[in-house]
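Q: Take this structure, written in structure tokens, and hold onto it; I'll ask about it next.
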Amino acid sequence: MADEPLVLGIETSCDETGVGIVRGHTLLADAIASSVDEHARFGGVVPEVASRAHLEAMVPTIERALSEARISARDLDGVAVTAGPGLAGALLVGVSAAKAYAYALGKPLYGVNHLASHICVDQLEHGALPEPTMALLVSGGHSSLLLAPDITADVRPLGSTIDDAAGEAFDKVARVLNLGFPGGPVIDRYAREGDPQAIAFPRGLTGPRDAPYDFSFSGLKTAVARWIEAKRNAGEEVPVRDVSASFQEAVTDVLTRKAIRACKDEGVDHLMIGGGVAANSRLRSMAEERCADAGITLRVPRPKLCTDNGAMVAALGAEMVARRRAPSDWDLPADSSLPVTEPHVPGSGGPAGEHVHGHAPGHSHDHVHELSGKNLYS
Amino acid sequence: MLLLALDTATPAVTVALYDTDGDRVLAAADQVDARRHGELLLPSVDRVLREAGRSLDEVGRLIVGVGPGPYTGLRVGLATAEAFGAALGTPVLGLCSLDGIAYASGLESPFVVATDARRKEVYWARYADARTRLGDPAVDRPEDLPEDVVSMPAIGAGARLYEGTFTAPCAADGGERRADLPVDQSAAALACLAAQKLAKGEDFLPPRPLYLRRPDARVPTNYKVVTPK
Ligand SMILES: [Zn+2]
């Protein structure tokens, strides 16, 4: 349908420079430039390295997306950008570019939430999101259970990790096993040849008195490291495949168990899984089994749409346009801890730029783990 | 031709619209707030254009200060200028940010421009006069600068900050420190300089940041063993 909103989305919250273009629920382009290789030797994302790479890649990635989509930027109905949460300096590159791009073309700007975008991207795969949608978001930066009655205006956090994100646990276990960074894909690979029941690793926060929807992966990570060290100290060979499979089983068991419990408790019959860890093959198969048993419809986008990308930002931007949400103002800040309860950052009501107002106060919510712990202007 | 100049390499967020036909600044906006470059820049551009009654697509060249400067703020200006250029097909020309401060001084004898690089360092460059930089800009602790540099008259916020190091005043004829010399970057000066360079067919820098420092990042030696000893 030609009258569905045509939106370009920019994502720079971590180490991927993503630019996507969608028309309503249709994906037209998904261009990505990644700096992951530059971070590999540091064992984690280095914020300054990521920010430099974003600036290098920003305009070329926009141009690649436009030519892939075979549209003219003049025909866009809006420009969306991840306003947070994420690495402050990295976000700022995308926000600056998006503002300039929108301003130059005379298009409305939509600063949107990274987490809500991870959920909304599924509209490109499986059509309109059911309302409400239950979403399990798992990546190197986040592990959250979210209930979304309206992805453009009402997203409620049910639970999140109290220590490490799920993806971080994969990275750390991979490091103990000397498998390199990032850890998710390589552990998934080894795990396929291992026995998931070989070692009984702990399931964090699954006791009767624990918070039902929160996660904890720090204890699991330590237990795995201890187990490996004991093997090494005894001079025995570490069974990498069995360790990978048993660790992965513990993570996916907790994730799916809590997600399904949340669906049942809230009476939601759809579960959406997104974020980089959603690419994990065991998480997918376990979620399929357990959802089928519970009569829940599972929606997981293809792996490329689960990891950080610009298409997800464009998808949420298109929904903002379709539902006539207010565009952001030209003084839109990059907010490294934008709360998940704010799916977008509306302006003061008029067209962007007409009513420039003050600085939004800071928030102190869960945010992407920064390797250096340095802040924006250090 | 209209030039839109902007610079975010120093605590200043500075924007100017310049008309090369009348050789004059049509409008300018200068704010000093080292923590809000990202929020202030676009509204400033919008204000400058409105004040001059012009629109961005009338601009013939975008002029951007490429630093050196603290990275996070510096990138705001570059990302903005490059995205403007990409959206409208307008050429983006880079200038060393220190050259703008030097140009604004109007000095005719040798001097140094020094800006605050944080971490107790300054970005600095030597000039023969307001239009002529001698060598590439550098970053150093003030106490590590060569003797002949610190004994030269120095301008810019870095010279103010380390007055104990840069002791030679830019003296007026009477001998006291001149109050009219620039401290902060001004896009209006950057635009005037660009107009001169364009008229003379001189080269510009590519719109790429001058970081002068490598990112701080440590390669972890090994993971921390968790088994208690
Ligand atoms: Zn993400």
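The values are calculated or read from the model by the stated rules, or taken from the named source; none is laboratory data. Predicted model only: the values in this text are computed from it and were never measured. Backbone-built Cβ (ideal geometry, glycine too); neighbour counts: all protein chains shown.
Q: Report yes if residue A:72 is free of Cβ contacts under 8 Å to residues at least 24 places away in the same chain and more than 16 Å from the ligand (Cβ to nearest atom), otherwise no.
A: yes
Q: Report yes if some residue within segment A:142-161 is within 14 Å of another protein chain (Cβ to nearest Cβ), within 16 Å of the ligand (Cβ to nearest atom) and either without any contact (Cβ under 8 Å) to a residue 12 or more places away in the chain or more than 16 Å from residue A:253 (Cα to Cα) (or both); otherwise report no.
A: The answer is no; no qualifying residue exists.
Q: So residue A:78 clears everything in (1) small (Gly, Ala, Ser); (2) touching a Phe, Trp or Tyr at 6+ places or on another chain (Cβ under 6 Å); (3) within 16 Å of the ligand (Cβ to nearest atom) except one condition, right? Which one?
A: (3)
Q: Being in contact (Cβ under 8 Å) with a residue 12 or more places away in the chain, within 13 Å of chain B (Cβ to nearest Cβ) and either among the charged types (D, E, K, R) or touching a Leu at 6+ places or on another chain (Cβ under 8 Å) (or both) is the requirement here; does residue A:35 meet it?
A: The answer is no for residue A:35.
Q: Scanning segment A:131-150 for residues that are of a type in the set (S, T, N, Q) and modelled with pLDDT of 95 or more, which turns out nearest to the chain's Cα centre (by Cα)?
A: A:144
Q: Inside segment B:30-140, counting only helices (runs of 4 or more DSSP H) that do not spill past its ends, which hold 3 or more residues that are farther than 23 Å from residue B:198 by Cβ and of a type outside the set (Gly, Ala, Ser)?
A: Result: B:37-52, B:71-88.
Q: Within segment A:304-334, take every residue that is more than 14 Å from every other protein chain (Cβ to nearest Cβ) and in a loop (DSSP other than H, G, I, E, B) and give me the one that is nearest to the ligand (Cβ to nearest atom).
A: A:308
Q: Looking at segment A:86-108, which of the residues that are touching a Gly at 6+ places or on another chain (Cβ under 8 Å) and more than 10 Å from chain B (Cβ to nearest Cβ) is farthest from residue A:346 (Cα to Cα)?
A: Taking the candidates together, the pick is A:86.
Q: While we're on this one: For residues that are in contact (Cβ under 8 Å) with a residue 40 or more places away in the chain and away from chain B (no Cβ under 11 Å), scanning just segment A:220-240, find the one that is nearest to the chain's Cα centre (by Cα).
A: Checked segment A:220-240; the qualifying residue nearest to the chain's Cα centre (by Cα) is A:220.
Q: With the checklist (1) away from the ligand (no atom under 16 Å from the Cβ); (2) more than 11 Å from chain B (Cβ to nearest Cβ); (3) free of Cβ contacts under 8 Å to residues at least 40 places away in the same chain; (4) under 28 Å from residue B:211 (Cα atoms) in hand, flag the one item residue A:67 doesn't pass.
A: The one condition residue A:67 does not meet is (4).
Q: Something else: Determine, yes or no, whether residue A:45 is within 25 Å of residue A:330 (Cβ to Cβ) and crowded, with 24+ Cβ neighbours inside 10 Å.
A: no
Q: Being closer than 15 Å to residue A:249 by Cα and outside any loop (DSSP other than H, G, I, E, B) is the filter here, so list the residues in segment A:175-209 that pass it.
A: The answer is A:184, A:185, A:186, A:187, A:188, A:189, A:190, A:191.
Q: Do the conditions hold for residue B:24, that is, is it within 13 Å of chain A (Cβ to nearest Cβ) and within 15 Å of residue B:188 (Cβ to Cβ)?
A: no
Q: Out of the residues in segment A:265-278 meeting the condition of being in a helix (DSSP H, G or I) and out of contact with any helix residue (DSSP H, G or I) (no Cβ under 7 Å at 6 or more places or on another chain), tell me which one is nearest to the ligand (Cβ to nearest atom).
A: Restricting to residues being in a helix (DSSP H, G or I) and out of contact with any helix residue (DSSP H, G or I) (no Cβ under 7 Å at 6 or more places or on another chain), the top hit is A:266.
Q: Name the pairs: first residue in segment A:190-210 and modelled with pLDDT under 95, second residue assigned to a loop (DSSP other than H, G, I, E, B), Cβ to Cβ under 8 Å, at least 6 apart or on different chains?
A: Between residues of segment A:190-210 that are modelled with pLDDT under 95 and residues that are assigned to a loop (DSSP other than H, G, I, E, B), the close pairs are A:204/A:216; A:204/A:217; A:205/A:162; A:205/A:211; A:205/A:214; A:205/A:216.
Q: Considering segment A:42-64 alone, what residues qualify as being in contact (Cβ under 8 Å) with a residue 60 or more places away in the chain and either part of a helix (DSSP H, G or I) or at the interface with chain B (Cβ under 7 Å from one of its Cβ atoms) (or both)?
A: Hits for segment A:42-64 are A:42, A:43, A:46, A:47, A:48, A:61.
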